[in-house]
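Have a look at the structure below before the remarks.
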Number of protein chains: 4
Amino acid sequence: MIDFRSDNTGRAAPEILEALIRANHGTALGYGADDYTAALQRHFSELFETAVRVFPVATGTAANALALASLGPSWGNVYCSEVAHINTAEANATGFFGGGLKLVTVTGSHGKIAADPLAETLAGISPGQIHRGQPSAVSLTLATDLGAVYTLDEIRAVSEVAKARGLKIHMDGARFANATARLGCSPAEPTWRSGIDIMSFGATKNGGALCDAIVVFTPEITEILAVQLRRAGQVWSKMRFASAQLIAYVENGLWLDMARASNAIAARIAAGLRDIPSARLLAPVEANEIFLELPSTTMDALETDGFQFYRRSRSLTRFVCRFDTTEAEADALLAALRRHLAPMATPRAAE
Amino acid sequence: MIDFRSDNTGRAAPEILEALIRANHGTALGYGADDYTAALQRHFSELFETAVRVFPVATGTAANALALASLGPSWGNVYCSEVAHINTAEANATGFFGGGLKLVTVTGSHGKIAADPLAETLAGISPGQIHRGQPSAVSLTLATDLGAVYTLDEIRAVSEVAKARGLKIHMDGARFANATARLGCSPAEPTWRSGIDIMSFGATKNGGALCDAIVVFTPEITEILAVQLRRAGQVWSKMRFASAQLIAYVENGLWLDMARASNAIAARIAAGLRDIPSARLLAPVEANEIFLELPSTTMDALETDGFQFYRRSRSLTRFVCRFDTTEAEADALLAALRRHLAPMATPRAAE
Amino acid sequence: MIDFRSDNTGRAAPEILEALIRANHGTALGYGADDYTAALQRHFSELFETAVRVFPVATGTAANALALASLGPSWGNVYCSEVAHINTAEANATGFFGGGLKLVTVTGSHGKIAADPLAETLAGISPGQIHRGQPSAVSLTLATDLGAVYTLDEIRAVSEVAKARGLKIHMDGARFANATARLGCSPAEPTWRSGIDIMSFGATKNGGALCDAIVVFTPEITEILAVQLRRAGQVWSKMRFASAQLIAYVENGLWLDMARASNAIAARIAAGLRDIPSARLLAPVEANEIFLELPSTTMDALETDGFQFYRRSRSLTRFVCRFDTTEAEADALLAALRRHLAPMATPRAAE
Amino acid sequence: MIDFRSDNTGRAAPEILEALIRANHGTALGYGADDYTAALQRHFSELFETAVRVFPVATGTAANALALASLGPSWGNVYCSEVAHINTAEANATGFFGGGLKLVTVTGSHGKIAADPLAETLAGISPGQIHRGQPSAVSLTLATDLGAVYTLDEIRAVSEVAKARGLKIHMDGARFANATARLGCSPAEPTWRSGIDIMSFGATKNGGALCDAIVVFTPEITEILAVQLRRAGQVWSKMRFASAQLIAYVENGLWLDMARASNAIAARIAAGLRDIPSARLLAPVEANEIFLELPSTTMDALETDGFQFYRRSRSLTRFVCRFDTTEAEADALLAALRRHLAPMATPRAAE
């Protein structure tokens, strides 16, 4: 079996689990008042080239929902893409933690939201009106849920529209490492230097084990987030074991090394697909995910071959590369696709 | 420094962290659809001598609040002790996850709730009345927040009153291991055999690292709990790393060995206190916590000596024993107490 | 000034206010335990030809949100039209009262939802999955937010799909009188005989003053609705004054007389528009609302003439007829439209 | 039958219902953008001798819960008396609208909260701690739920403690008229001049019909309250009919005339009780409620005589005087009490 199902089916980086064992000595105050959590603040502040506050949390859903709940009132509207994970796959955690907060979708390409439709949507809601909730925040997914990555210009265009209306901006960085590796810039660039107030910093999908994080760039958010995290049961009493994981994740560039590895495999597959005219990508492959339109008979054939992947619809598949997916696995997938699609090219064109 | 601050300041059992490393191979489906999580169900079902459903969660607060949210409607009243952790120290997570659910306190000794006042309280709320919410559930803390442990008879008396009114029963088992070790009975006895529908199964305070669990005894709760856990961001995508910890925790009786160790240290201190007439215990020492009334000058003196502990008020201290607290540490504390209290016995009597 | 802004800008029927004065004698138990509220149950049960439970509430928003909150869990998805009032104009009251419940839109024509896209949406959510919430209810707006009215067949087609999946069905009857007058059938037909479990029974827009109602057809909903209404501050202590209004509203067919009057005026305008080719209706005029696409210069001109109406966008207007809107007012509007649109027909075609 | 059950069992003042009829002409913009609602602001600003913002709402429960929800975050603690209506009789509406907000009780005499225990409670919660929620607001009930009335000094003492900690202060004025009549001062004195930020202004219990109000003294609250009221379904579209009631209520001192009348009847009964040594009042009679400890046999006898009242426990009754309760009714009650209690004085002493 060759597993392309998800980046959460994979192993953790051994460095991260070993860090847990190294952290297991002596006693330490609970709930984040320990030395590891203090060191975590320094590591991330250095990484982001500014003083940030980092809160480890158990999952990306917790990171997204609680970050958004900290940005505005329960009658707020949060603008996001139709395909954003918060809108499609998190059991409306954002609406729940936000006390009834509403997600409002904004159009854009490949899972992004675009500045112009956002501006138009906001123009339709007068400040002070009481019938439609009030614009509160925008949520961008840096490596989108269709595998594309925002350019810095795209982030800044959205940010400008949002800031002009006084909205806060959240970044869903479930695949922040993959996106940053792709952009090839400092983590500061797509985040606070582009107006991001708070982000979900994903680690699990990229070789992490049991924690992700919320990173706060705008200090006034910190206090109201902290108490909400405690109330949400997201503050481990033995926090050092979470902080140690995140330190190991970013130390010595491990996080970017892993992301570059999975990106490279995805790029290798995408490059190989260029020779298979009937294989159509739904979006450019800019991170570690490949959304590929395939006939369902091809899906069946791939599964028979031993490939594991998700069927997103009757004609859409998703293949995800992990940090430890090998070139051989990529090449095997390409070979299988070539094998199955070549003879089908003609009938498929007739679909 | 000798640390009696909390059982959450301590190390994790090495067996638990090693289990993480052993689980780190191959790929596995996310969100609990993996082999470790399946094995966890078997381990706990064996432990409890009945088919149970176990959900690993990040913290005891999450376990308590989400277990209670699964037991009744948002307009429900949950009855608990005034000093219950859910009422005093979890940022009203229960009220939040319960959608406005209300905690109503019931009297009892040493952090327990007693059957008679519960019955009286319930008698005051007619079924169908709409002004006061509706009785929904009872929450018992097996090893209470004052260090005592319910007898089986006490649990069953409360349970009988609750069941007569159709209420569900939750057990906060933050120190379930310590209480079970004390009771010396099967884990089934104080739980489902006494009418408990759902419990928070604590591991962190007793040598765990990053997860506790919810154990469901009443099957119809399972489905509504599962979706609420997902929404709460309490379902790890790489769940195997949580399940592996909990398996290691209960395998070979590790959990009870650790609990017996911390209980024994607490009992050793309690026994030693009998010779110090001016040291007054707030409640019997039946688990691993000691609540001791002390003059604040004695508290100061202990701190100068290098002891770490919590001041619960100007005249109340808490000392907590961990699985790795040593007899020497216990004896050092007793010696210090003898030293400081002997000359103060007379003035203190005059307080 | 001639007011076509809304049916809530109008007067109340004098009969309704006089009923208040007649109810003002003696004492009566509070919170609905009075004779008027008992009589209300009988009046509505007769009207609907089945035993129903009626709860007066202050507003249609309260009726919608609390009816929907009574139909399912806080992690439920409620399916509605994109233009449904609950989705566009009630400050996400449904999400709030539903504890984070999510509105999911389903396509259809003229503000309706259609059975096929509903079936397709539901097919995409497996029972028991935890990531996307769970299908919980459908909300239909009988006289839609674009002025059309569901046929009985259309309701039943949607209902059949919903029931097959075990979903409950809510009807937003903000303009139930207008729709019922249009359908020319018993109120039982579009409601419980078509599978509706609960409805918002609007009165305010059709000559009411200070209350609407929730009508429950499926008895098991009653108890959980009652306590939620109390908690929502929607249970008047002097309930007789609300019940008396609703009795007067339906007594002697007053409600249908008023609805027929406003429908007739709207139909008169719609008929007149047929002679004005450049005036394009967004949807068929089947109740008392007219959605008319107009150039903004025509809107300006109408306002200068003294007509009041809402601009829904730069090219869309809404004209609403009240029970006391006169034929002369309708004819004046038509005359003005003819006057302004005739010379503009050509340039508008070039838009 | 002579009805002392509640002040909500009574009639409305005819002036209030007549005002509805007078307001029923012409068209008016909805949701409070009408002339009556504008006039209401002026009436109340004059009454309170400062610019206030008044929001009519359907019920006192809505007023209390939404006022408190506007004062602080969902993780806030609101301090109130154990017997406060918000804590005992409103289905935890405050917890619900507050998104999980917690009521924490503070001791005091006769349904009041006292400054010293409040200060002590607050001292126990450090700013910035995350485990116990955060102090957010205080709620005082001016005419308490045991029939007493705060003195201005008592309010100011509580207010001083609250303000020192940065807490907002809410007044439950369900019987504000009775309390103001008792205090004999300007409505400004016990409210904003004593530090109150927002109040529930009750009308229903004192001759109102279908609305109470929230009065905002601290302007920055207004905007976040307005949208929450809309979301709560508490903003009538035909608001003029609510505003007209409240204008009639305060115009020409009607509200205080009615309150003085009910207070006088209660005082007459209290005075008469002085001659009945075995009739023990639970609290001083300072408004229109009488809490009287009586043997249950006496309760039975009074009911046989045709008196209606509430039994609050096996030994406690409540008698409430309405604006139209007559002196003859009061005297009949006293006569009956004398008749039943005289022979029972001795056995009761033996209870």
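The values are calculated or read from the model by the stated rules, or taken from the named source; none is laboratory data. Given the structure is predicted, the values throughout are model-derived calculations rather than measurements. All Cβ positions, even for glycine, are placed from backbone atoms using ideal geometry, and neighbour counts span all protein chains on display. SASA here: full protein model, heavy atoms, side chains in, ligands and nucleic acids out. Shrake-Rupley method; radii C 1.70, N 1.55, O 1.52, S 1.80 Å.
Report the net charge of residues surrounding B:Ala114, where surrounding means a beta-carbon distance below 15 angstrom and charges are Lys +1, Arg +1, Asp -1, Glu -1.
-4
Please give the residues of segment C:319-343, grouped as numeric ranges, whose backbone N is less than 18 Å from a label point set 7 Å along the Cα-to-Cβ vector of C:Asp257.
Within reach of a label on C:Asp257: C:322-327.
Between segment C:148-168 and segment D:157-184, what's the alpha-carbon centroid distance in Å?
If we compute the Cα centre of each part, the gap is 53 Å.
State the antiparallel share, in %, of DSSP beta bridges confined to the protein assembly as shown, rounding to the nearest 5.
Beta bridges within the protein assembly as shown, antiparallel portion: roughly 50 percent.
Which peptide among D:208-220, B:288-300 comes first, and what is the full order, when sorted by highest mean count of other Cβ atoms within 10 Å? Kindly include the intermediate steps, with their values, before the conclusion.
On the way: D:208-220: 23.4, B:288-300: 20.8.
Descending packing order for the listed peptides: D:208-220, B:288-300.
Rounded to the nearest 500 deg cm²/dmol, what is the calculated helix-only ellipticity per residue at 222 nm for the protein assembly as shown, with -39500 (n - 2.57) per DSSP H run of length n ≥ 4?
-12000 deg cm²/dmol
Go through segment C:28-68 and flag every residue whose accessible area shrinks by 20 Å² or more with all protein chains in place compared to the isolated chain (probe 1.4 Å).
Listed by number, the residues meeting the 20 Å² cut-off are C:Ala28, C:Leu29, C:Tyr31, C:Ala58, C:Thr59, C:Thr61.
Could you grab the Rg to Rh ratio for segment A:234-303? Cα atoms only, Kirkwood for Rh.
Rounded to two decimals, Rg over Rh is 1.22.
How much area per residue is accessible in the protein assembly as shown when the probe is 1.4 Å and only protein heavy atoms are counted (Å²)?
33 Å²
List, in order, the whole-Hz ³J(HN,Hα) value for each residue of segment B:177-188 obtained from phi through the Karplus relation with A = 6.51, B = -1.76, C = 1.60 and θ = phi - 60°; use x for Gly and Pro.
Listing the rounded values in order: 5, 4, 5, 5, 4, 5, 5, x, 10, 5, x, 5 Hz.
Accessible area of segment B:1-155 with a 1.4 Å probe: how many percent of it is carbon plus sulfur?
Roughly 53 percent, rounded to a whole number.
Please give the solvent-accessible surface of A:Lys238 in Å², to the nearest 10, using a probe radius of 1.4 Å with every protein chain present.
0 Å²
Let me have the relative contact order for segment A:92-166, percent, based on Cα pairs under 8 Å that are six or more residues apart.
Relative contact order for segment A:92-166 comes out at 31 percent.
Can you list the lysines whose alpha carbon is less than 18 Å from that of A:Lys205, not counting same-chain residues fewer than 8 positions off?
Candidates past the 8-residue exclusion: B:Lys238.
Need one word for the protein assembly as shown: rounded, prolate or oblate. Basis is the Cα gyration tensor (sqrt eigenvalues a ≥ b ≥ c); a/c below 1.5 gives rounded, then a/b vs b/c decides.
oblate
Under 15 Å from a point 7 Å along the Cα-to-Cβ line of C:Thr326: which residues of segment C:4-48 have their amide N that close?
C:4
Calculate, in nm to one decimal, what D:Arg274 and D:Thr222 gain on full extension: separation in residues at 0.36 nm each, minus their alpha carbon distance.
14.1 nm
Provide C:Asp35, D:Asp331, D:Asp257 ordered by accessible surface of protein heavy atoms (probe 1.4 Å), highest first.
C:Asp35, D:Asp257, D:Asp331
Sort B:91-100, B:302-311 for me by packing, meaning the mean count of neighbouring Cβ atoms within 10 Å per residue, highest on top.
Packing order, densest peptide first, comes out as B:91-100, B:302-311.
How many partner chain Cβ atoms sit within 10 Å of a residue's Cβ in peptide A:215-225, on average, as a whole number? Could the numbers behind the result be given before it?
On the way: counts 0, 0, 0, 0, 0, 0, 0, 0, 4, 3, 0.
Other-chain Cβ atoms within 10 Å of each residue's Cβ, averaged: 1.
What does the charge count around B:Ala33 come to, taking other residues whose C-beta lies under 15 Å from its C-beta (Lys +1, Arg +1, Asp -1, Glu -1)?
So the surrounding residues net to +2.
Label points 7 Å out from Cα along the Cβ direction at D:Ile125 and B:Gln129: separation in nm?
Between D:Ile125 and B:Gln129, the label points sit 2.7 nm apart.
Threshold 40 Å², probe 1.4 Å: give the residues of segment C:111-139, in number order, that are less accessible with all protein chains present than with their chain alone.
Listed by number, the residues meeting the 40 Å² cut-off are C:Ile130, C:His131.
For peptide D:80-93, how many partner chain Cβ atoms fall within 10 Å of a residue's Cβ, on average?
4
Measuring label to label, 7 Å along Cα→Cβ, what does D:Ala342 give against each other copy in nm, shortest first?
Spelled out, the distances from D:Ala342's label point are 7.4, 9.5, 11.6 nm.
What does the accessible area of C:His43 come to, in Å² to the nearest 10, when a probe of 1.4 Å is used?
Ignoring ligands and nucleic acids, C:His43 comes out at about 60 Å².
If one takes the accessible area of chain C alone plus chain D alone and subtracts that of the pair, with a 1.4 Å probe, what total in Å², rounded to the nearest 100, results?
4300 Å²
Mind listing the long-range amide H neighbours of B:Ile2? Cut-off is under 5 Å, sequence gap 5 or more, other chains count too, H placed in the peptide plane at 1.01 Å from N.
Amide H to amide H, under 5 Å and 5 or more residues apart or across chains, B:Ile2 pairs with B:Phe307, B:Gln308.
If you count, for every residue in B:7-16, the Cβ atoms of partner chains within 10 Å of its Cβ, what is the mean?
The shielding value for this peptide is 5.
Give the long-range amide H neighbours of C:Val138: residues separated by 5 or more places, or on another chain, with amide H under 5 Å away, using H modelled in the peptide plane at 1.01 Å from N.
C:Tyr79, C:Lys168, C:Ile169, C:His170
How big is the antiparallel share of DSSP beta bridges in chain B, given as a percent to the nearest 5?
50 percent
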